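Each reported figure results from applying straightforward, stated rules to the coordinates on display, with no laboratory input. All values reported here derive from a predicted model rather than from experimental measurement. FYI the Cβ positions are ideal-geometry reconstructions off the backbone, even for glycines, and counts take in every protein chain you see.
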Amino acid sequence: MGLLQNAAKTTNGVVLNGFLLSPVVEQCSGCDRVRRFEEQDFCSSYPDPTTKWADGHCNFATHIKAASATAAKINPLKASKRAAKGR
């Protein structure tokens with residue numbers, strides 16, 4: 001159960017520390033932050049996963065690697081000097 005051990009089932013849904021938790025969405029499958037509580041899966045980091053995925057990605061997702069930044073521009077003059085030194 002992990003982080004959801006203090007959660008409580010109410011008529012509105014599952015409540016944890018005053019926040020109403022929404023079940024995870026399909027994109028969350030495979031994430032390390034998904035926790036099971038009473039036969040449903042919930043995110044241990046964010047109460048409403050649907051809003052996190054509204055922009056196309058969730059910044060809490062552990063199963064998706066962030067796109068790497070473009071390669072840094074290298075000054076050709078410095079690169080040739082480094083190559084000449086053997087670095």
Original post:
Within segment 7-25, restricting attention to residues that are among the small types (Gly, Ala, Ser) and more than 20 Å from ILE64 (Cβ to Cβ), which residue is surrounded by the most Cβ atoms within 10 Å (Cβ to Cβ)?
Top reply: ALA7
Original post:
Restricting attention to segment 35-62, which residues are farther than 15 Å from LEU4 by Cα and in contact (Cβ under 8 Å) with a residue 12 or more places away in the chain?
Top reply: PRO49, THR50, TRP53, CYS58, PHE60, ALA61, THR62
Original post:
Which one of these does CYS28 not meet: (1) within 30 Å of LYS65 (Cβ to Cβ); (2) out of contact with any Cys (no Cβ under 8 Å at 6 or more places or on another chain)?
Top reply: (2)
Subject >> Residue in segment 31-49 that is farthest from ILE64 (Cα to Cα), counting only those that are touching a Ser or Thr at 6+ places or on another chain (Cβ under 6 Å) and not basic (Lys, Arg) >> reply: ASP48
